[in-house]
1. What number of residues within segment 105-114 are part of a helix (DSSP H, G or I) and crowded, with 18+ Cβ neighbours inside 10 Å?
2. List the number of the failed condition for residue 238; all other conditions in (1) closer than 21 Å to residue 17 by Cβ; (2) not in a strand (DSSP E or B) hold.
3. If you check 243, 256, 250, which single one turns out to be over 22 Å from residue 23 (Cβ atoms) and not in a loop (DSSP other than H, G, I, E, B)?
4. Select from segment 84-104 the residues that are at pLDDT 90 or above and surrounded by fewer than 17 Cβ atoms within 10 Å (Cβ to Cβ) and write down the one among them that is farthest from the chain's Cα centre (by Cα).
5. Working only within segment 42-61, note down all residues that are surrounded by 15 or more Cβ atoms within 10 Å (Cβ to Cβ), under 18 Å from residue 294 (Cβ atoms) and either at pLDDT below 90 or in contact with a helix residue (DSSP H, G or I) (Cβ under 9 Å, 6 or more places away or on another chain) (or both).
6. Checking residue 262 against (1) loosely packed, with under 14 Cβ neighbours inside 10 Å; (2) modelled with pLDDT of 95 or more; (3) within 21 Å of the chain's Cα centre (by Cα): exactly one of these is not met. Which one?
7. All but one of (1) exposed (fewer than 15 other Cβ atoms within 10 Å of the Cβ); (2) over 30 Å from residue 25 (Cα atoms) hold for residue 202, so report the exception by its number.
8. With the requirement that a residue be on the phi < 0 side of the Ramachandran plot and under 10 Å from the mean Cα position of the chain (by Cα), what does segment 274-292 give you?
């Protein structure tokens, strides 16, 4: 296993050499739960390539544009829910996510945050996160004999907000929205390009708190060499997105929440910093494993923001 904390090396290894670094490591727990059929964790096989191609065709920019009315409608309810029930902020976001997905896939909404379908969704996400989080389960893939431990001896076998308290930031964002949008309507997708400070807030949130601090691991299917390092076949590669966003060589006061850094620098870095390999969408992955739902997710981020 290697952990990469340099965006240049991560890009070189996972994008420029994707033919040999686009696989996933063995993951026994995920295989037990899904039968080896979850696209994100499947190894680089012909089956995975067919599934990804199908998903990509369904989630192109053109296809996702057709889903915007659904996302806008669900976001309107989110605003209503925020105003009337701010205590359950996170649950309203979860309801939105679930409802957008079920509306697109099956034409069925999830209108209530405490509805059975939404609660089932939350429970499934929590269980899946517990099962797949590093360190929560025994290292079955390292020690395969653990697969044969009786269930009565191993409970794990049976269960196969960042709230930014920054009033000055909120006030600046409000002034920008008020200036661009006015008081007679709500913001729309087309306003996004005219809201650079709101964009900076979103970028700073992802820098400071990436959704996956350690990105989903890649796995080599052949020897590779980066700079002076040999990376053998069958090596797990983890990209430390948290470290990339917290690098003191690249960011002034990296632990501080400061959206203004993105108004003076493309990637929020300080003058003279090496920006090789940096992107605003590192949290969506690398190379052939780049998230196929990028356009749908980005539209949701913009609409909800």
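The values are calculated or read from the model by the stated rules, or taken from the named source; none is laboratory data. This structure is a prediction, so every number in the text was calculated from the model and none was measured. With ideal geometry, Cβ positions are generated from the backbone for all residues, glycine too; neighbour counts draw on all protein chains shown.
1. Summing the residues that are part of a helix (DSSP H, G or I) and crowded, with 18+ Cβ neighbours inside 10 Å in segment 105-114 gives 0.
2. For residue 238, the exception is condition (2).
3. 243
4. Step by step, filter segment 84-104, then rank; the result is 84.
5. Hits for segment 42-61 are 52, 59.
6. (1)
7. (1)
8. If the condition is that a residue be on the phi < 0 side of the Ramachandran plot and under 10 Å from the mean Cα position of the chain (by Cα), then 281, 282, 283, 284, 291 are the ones that fit.
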